[in-house]
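Trainee: One structure coming up, written as structure tokens, with questions to follow.
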2 protein chains.
Amino acid sequence: MPIAKGPQVFPRSEYLRRLAAVKTEMRRLEIEVLVIGNSSDITYLTGYTARSGYVPQALVISLNEEEPTFLLRRQDAPAAVHQTFLERGKVFGYPETLIGNPDRDGFDAVIDFLHELGAADRGVGVQLGYLSAKSARKFESRLPNARIVDCSHSVAWIRMIKSDFEITLMREAAAIADAGVSKAAEVIRPGVREADVMAEVAAQLARGANGKAGTDLASMYFCSSPRTGTCHIRWSEDVIHPGSQINLEVGGVRHGYVSAIMRTFSVGAPSDRLRRLHEAEVAGLEAALATVRPGSTCSDVANAFYRTIEKSGFHKDSRCGYAIGIDWSEPTASLKDGDMTELKPNMTFHLMLGNWIEEDFGYVISETFRVTDSGCEVLTKSPRELFEV
Amino acid sequence: MPIAKGPQVFPRSEYLRRLAAVKTEMRRLEIEVLVIGNSSDITYLTGYTARSGYVPQALVISLNEEEPTFLLRRQDAPAAVHQTFLERGKVFGYPETLIGNPDRDGFDAVIDFLHELGAADRGVGVQLGYLSAKSARKFESRLPNARIVDCSHSVAWIRMIKSDFEITLMREAAAIADAGVSKAAEVIRPGVREADVMAEVAAQLARGANGKAGTDLASMYFCSSPRTGTCHIRWSEDVIHPGSQINLEVGGVRHGYVSAIMRTFSVGAPSDRLRRLHEAEVAGLEAALATVRPGSTCSDVANAFYRTIEKSGFHKDSRCGYAIGIDWSEPTASLKDGDMTELKPNMTFHLMLGNWIEEDFGYVISETFRVTDSGCEVLTKSPRELFEV
């Protein structure tokens, strides 16, 4: 039996608006067809959030068709029919024989489709920043007459300015991230295993907040003493010790959209150094947020932070954040010195002020914010505390 | 202050043994240097499990050096010092200015290092199956005199035969996966939100089993009616309905190593069709396991399954599984017709018998097994039931 369409997160008009923006960019680049393999871009353009992107799949957008065609593994095609706004005729499942096959894979099916579409001698956009070198060579050798154009981040730049529909999901995701922080504050106690803390935090991130469930679990990090100078360790097998510090990073997820937050915890009274760093970073965070408005640049935001913490004798050598949306970070603007991207209403950023100062000492705080018509809406709402537990 | 070495999961001799096998392969391929970017391969060769692979990083193995050099983002270098067996001089943190920088990225630092190493005119192995086309072009243009050899899966093939140390971790991971299935059987009830079920399951997978914590959360899927014909949907926003079927896939994780399991749940009595499919699949699973011994092929295992379920009038069009280990599936052998890979002791597979028969109807069962000297050890131990809840 055919699978039924699932509840749609966005109206069809929202997807057509997004596709129209992509097609405008395609015309500018003089390409007739665009092959999108990046999972986050596919989520954006169709509503698909199933996790099948570990094998080849591609959304093929043609200037001559209103809806794109989604080619993916046969076994994942029902999920695409169910989740996306696409007509079922626009979902094409390629044979399972192309899986674990060293000679032909799903991209061969995609290239066959480009030939059928009559695009083999046209301008074809592909994502050379995501496509493996091996797969890119396949496109080049099997489409020798096409003019292949790199469009790695074309959709990502369009994703940067969110619609109000998307902002609603990011607010919900932010509330979930905040609930993760509250849960951590409740369960971090001396003698508790780190894994048991993260069990509770992960459960909270799935349960969600305000009646809105988390729809996935984003990456989460719990970097405790002596690992506070690290940033991407899930958690360790240790128990929590009196006097330890914990740097937590979590994200809430709503239908692909992520809002992220970082907070630092101290088991017992923090050291003077940690307290001073926390105060400098909160001042820096507030200074950075105060610069956020349409017309400011990413560089302005970062420099407001850098200049503020320097007054207290601190320094951060990494960027102050990045555009955020589907599947966490977007590969577009960074909040860093010299990034002259101009802020516009409904851009969203993770103002990520994690500061790993020495190999064995770091501190984290962050917020997810939206640029408004006149300033800034901070989506995450957790207290800007150094949580003492 | 320098960060201390963390507890080591494997002895140094284990890593040197793995590296010796890689170097033997490098000599065969006549390459002097091998650049490994794949995160699972890096875990295998160093013990690093932090999740920093979303920006460039590479382990550079030279025939002239006992230990490889790990180049990664400055901010992640302390995690590499802490987690890996490498001497600290073998961890190189490249500047944060290479992050979010359209002109130069971490691979430029890797290529600079290859020049310093004197490898610029030698045989250099890279992973063209993982490196993006853009990054591969950078290697080619900045190493014009090197002989670049594709080594995408060279380390993966070596990973296939596990040591007893690795098997111990996979047994622990399997017990965690089993605990996830038990937890699901306990909490799947009509009226409960799917997200709340997966909150409990995720928490269990983090808490672990038998006093061994989960060290990460692997992918998890909860595909309920009317989505039992899909396979990679995390979960939906729905509640569980009387009469629904649920296809669950979870994995336990121990220090990067994953054991996976799938089981099907029926809320109330299953349909006759589901019951018949379950019985056919269990018989097929047992027939497949009965063929597992050194000298059998992957094809033999798959065909034992296919022939058995065909007797009951069923058919599965996808492969019957794949090599499993670090970060779930390994890109080497598949349990499929025609894959003549010979089974050897301590190879591990996910015998994945998910069978998505119609768009709206599928069933799942799987086990993670190890090839022994004379047969098969099934690592996952959950009852082979169609769980009625």
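Bear in mind that the values in this text are calculations on the coordinates, not laboratory data. This structure is a prediction, so every number in the text was calculated from the model and none was measured. Cβ: placed from backbone, ideal geometry, glycine included. Neighbour counts: every protein chain shown.
Trainee: Once you charge only the Cβ atoms, +1 for Lys and Arg and -1 for Asp and Glu, what is the size of the charge dipole of the protein assembly as shown about its Cα centre, to the nearest 20 debye? Don't skip to the answer; put the middle values down first.
Mentor: Values: 88 positive and 102 negative charges, 26 e Å.
Roughly 120 debye, rounded to the nearest 20.
Trainee: Whole-Hz Karplus ³J(HN,Hα) for region B:160-171, in order, using 6.51 cos²θ - 1.76 cosθ + 1.60 and θ = phi - 60°, x for Gly and Pro?
Mentor: In residue order, the calculated couplings are 4, 8, 7, 7, 4, 4, 5, 4, 4, 5, 5, 5 Hz.
Trainee: With Cβ to Cβ distances under 15 Å as the rule, what net charge do the other residues near B:G53 carry (K, R +1; D, E -1)? Walk me through the numbers before you get to the answer.
Mentor: Working: positive: A:R234, B:R51, B:R73; negative: A:D327, B:D41, B:D76, B:D105, B:D216, B:D327.
That works out to -3.
Trainee: On a 0 to 90° scale, report how tilted helix A:106-116 is relative to the longest principal axis of chain A, with both axes built from alpha carbons and the result rounded to the nearest 10.
Mentor: 40
Trainee: For A:K344, which inter-copy label distances result when the label point lies 7 Å beyond Cα on the Cα-to-Cβ vector, reported in nm to one decimal and in ascending order?
Mentor: 5.6
Trainee: Please rank A:F139, A:F265, fewest neighbouring Cβ atoms within 10 Å first, as an exposure proxy. Show your work: numbers first, answer last.
Mentor: Values: A:F139 20, A:F265 24.
Neighbour counts put them in this order, fewest first: A:F139, A:F265.
Trainee: Per residue, how much space in cubic angstrom lies within the convex hull of the C-alpha atoms of region B:12-159?
Mentor: Working: hull volume 14.4 nm³, N = 148.
Looking at region B:12-159, the number lands at 97 Å³ per residue.
Trainee: Work out from phi, with θ = phi - 60° and the Karplus expression 6.51 cos²θ - 1.76 cosθ + 1.60, the ³J(HN,Hα) of each residue of region B:370-380, listed in order in whole Hz, and give x for Gly and Pro.
Mentor: Result, rounded to whole Hz: 10, 6, 9, 5, 10, x, 8, 10, 7, 7, 7.
Trainee: If the convex hull of the alpha-carbon atoms of the protein assembly as shown is projected onto planes in all directions, what is the mean projected area in square nanometres?
Mentor: It is 30.2 nm².
Trainee: Still on this structure, please answer the following. Using modelled amide H (1.01 Å from N, peptide plane; none on Pro or chain starts), what sits under 5 Å from the amide H of A:I357, excluding residues fewer than 5 places away?
Mentor: A:G362, A:Y363
Trainee: For region A:275-389, restrict the atom set to alpha-carbon positions and state the Rg and Dmax in Å.
Mentor: Gyration radius and largest Cα-Cα distance of region A:275-389: 13.5, 41 Å.
Trainee: Could you state the number of Å between the C-alpha centres of region B:97-133 and region B:53-88?
Mentor: Cα centroid to Cα centroid, the span is 14 Å.
Trainee: In addition: In debye, nearest 20, what is the charge dipole magnitude of region A:164-388 about its Cα centre with +1 on Lys and Arg Cβ and -1 on Asp and Glu Cβ, if you could check? Show your work: numbers first, answer last.
Mentor: Working: 23 positive and 32 negative charges, 57 e Å.
Roughly 280 debye for region A:164-388.
Trainee: Taking θ as phi - 60°, what are the ³J(HN,Hα) couplings along region A:60-67 by the Karplus curve (6.51, -1.76, 1.60), each to the nearest whole Hz, with x for Gly and Pro?
Mentor: Going residue by residue, I get 10, 9, 10, 5, 8, 10, 5, 9 Hz, with x marking Gly and Pro.
Trainee: Next up: Which of these, A:A333, A:A120, A:A80, has the largest mean-square fluctuation under a Gaussian network model of chain A (Cα springs below 10 Å)?
Mentor: Among A:A333, A:A120, A:A80, the largest GNM mean-square fluctuation belongs to A:A120.
Trainee: Same structure again: For the charge dipole of the protein assembly as shown, defined by +1 on Lys and Arg C-beta atoms and -1 on Asp and Glu C-beta atoms about the Cα centroid, which residue among A:I261, B:S13, B:T24 has the Cα displaced farthest towards the positive pole?
Mentor: A:I261
Trainee: Which value, in debye to the nearest 20, gives the size of the charge dipole of region A:137-177 about its Cα centre, when Lys and Arg are +1 and Asp and Glu are -1 at the Cβ? The partial results should precede the final answer.
Mentor: On the way: 7 positive and 5 negative charges, 63 e Å.
It works out to roughly 300 debye.
Trainee: Same structure again: Report, to one decimal in Å, the Kirkwood hydrodynamic radius for region B:164-388 based on all distinct Cα pairs.
Mentor: Values: mean 1/r = 0.0577 Å⁻¹.
Averaging 1/r across every pair of different Cα atoms and inverting gives 17.3 Å.
Trainee: Also: Based on Cα coordinates alone, diagonalise the gyration tensor for chain B, multiply each eigenvalue by 5, take square roots, and list the semi-axes in whole Å, largest first.
Mentor: Values: eigenvalues 328, 109, 74 Å².
The equivalent ellipsoid of chain B has semi-axes of 41, 23, 19 Å.
Trainee: Something else about it: Could you tell me the calculated FRET efficiency between B:D150 and A:T97, based on Cβ-Cβ distance and R0 = 30 angstrom, to the nearest 0.05? Walk me through the intermediate numbers first.
Mentor: Numbers: r = 23 Å, r/R0 = 0.78.
With R0 = 30 Å, the Cβ-Cβ based efficiency is 0.80.
Trainee: Could I ask something else about it? With a cap of 15 neighbouring Cβ atoms within 10 Å, and only residues DSSP puts in a loop, list the GluC sites (Glu not before Pro) found in region A:331-389.
Mentor: Sites meeting the loop and neighbour criteria: A:E385.
Trainee: Continuing with the same structure: Please compute the net charge surrounding A:I167, taking Lys and Arg as +1 and Asp and Glu as -1 over other residues with Cβ under 9 Å from its Cβ.
Mentor: Details: positive: A:K162, A:R171, A:R370; negative: A:D164, A:E166, A:E377.
That works out to 0.
Trainee: Running a GNM on chain B with Cα contacts under 10 Å, which residue among B:D121, B:D373, B:D103 ends up with the highest mean-square fluctuation?
Mentor: Most flexible of the set in this elastic network: B:D103.
Trainee: Straight distance only, please: which aspartates and glutamates reach the Cα of A:K311 with their own Cα at less than 15 Å, same-chain residues fewer than 8 apart left out?
Mentor: Hits, sequence-local ones excluded: A:E279, A:E281, A:E286.
Trainee: Where both residues lie in chain B, what percent of DSSP beta bridges are antiparallel, nearest 5?
Mentor: On the way: 44 of 56 bridges.
Bridges in chain B are about 80 percent antiparallel.
Trainee: Going by amide H atoms built from the backbone, whose H comes under 5 Å of the H on B:T297, apart from near neighbours?
Mentor: Residues meeting the amide H criterion: B:L343.
Trainee: Under 15 Å from the Cβ of A:R142, count the other residues' Cβ atoms, weight Lys and Arg +1, Asp and Glu -1, and hand me the total.
Mentor: Numbers: positive: A:R104, A:R122, A:K134, A:R137, A:K138, A:R147; negative: A:D103, A:D105, A:D108, A:D112, A:E116, A:D121, A:E140.
Value of the local net charge: -1.
Trainee: Relative to the compact-globule scaling 2.2 N^0.38 Å, provide the ratio for the alpha-carbon radius of gyration of region A:159-269. Don't jump to the answer; show the numbers that get you there.
Mentor: Numbers: Rg = 14.5 Å, N = 111, 2.2 N^0.38 = 13.2 Å.
Compactness ratio reported: 1.10.
Trainee: Along Cα-to-Cβ, 7 Å out, sits the label point; list in nm, shortest first, how far the one on A:A20 is from those in the other copies.
Mentor: A:A20 label point versus its equivalents elsewhere: 6.7 nm.
Trainee: Would you mind telling me which residue in B:H241, B:H350, B:H153 has the biggest mean-square fluctuation in a Gaussian network model of chain B, where springs connect alpha carbons within a distance under 10 angstrom?
Mentor: Ranking B:H241, B:H350, B:H153 by mean-square fluctuation puts B:H241 first.
Trainee: Here's another thing I want to ask about it. If one computes the Cα centroid of region B:319-363 and of region A:1-20, what distance in Å separates the two points?
Mentor: Between the Cα centre of region B:319-363 and that of region A:1-20, the gap is 33 Å.
Trainee: If one takes the longest principal axis of the Cα atoms in chain B, at what angle in degrees, from 0 to 90 and to the nearest 10, does the Cα axis of helix B:194-207 lie?
Mentor: Its long axis makes an angle of about 50 degrees.
Trainee: Another question about this same structure. Quickly estimate the mean residue ellipticity at 222 nm for chain A, helices only: each DSSP H run with n ≥ 4 gives -39500 (n - 2.57), and the total goes over all residues, rounded to 500. Working shown, then result.
Mentor: Numbers: 10 runs with 130 residues, N = 389.
So the calculated ellipticity at 222 nm is -10500 deg cm²/dmol.
Trainee: Also, I was wondering about something else. Which distances, shortest first and in nm, link A:P95 to the matching position in the other copies, using label points set 7 Å out along Cα to C-beta?
Mentor: Label-point distances to the other copies, shortest first: 5.3 nm.
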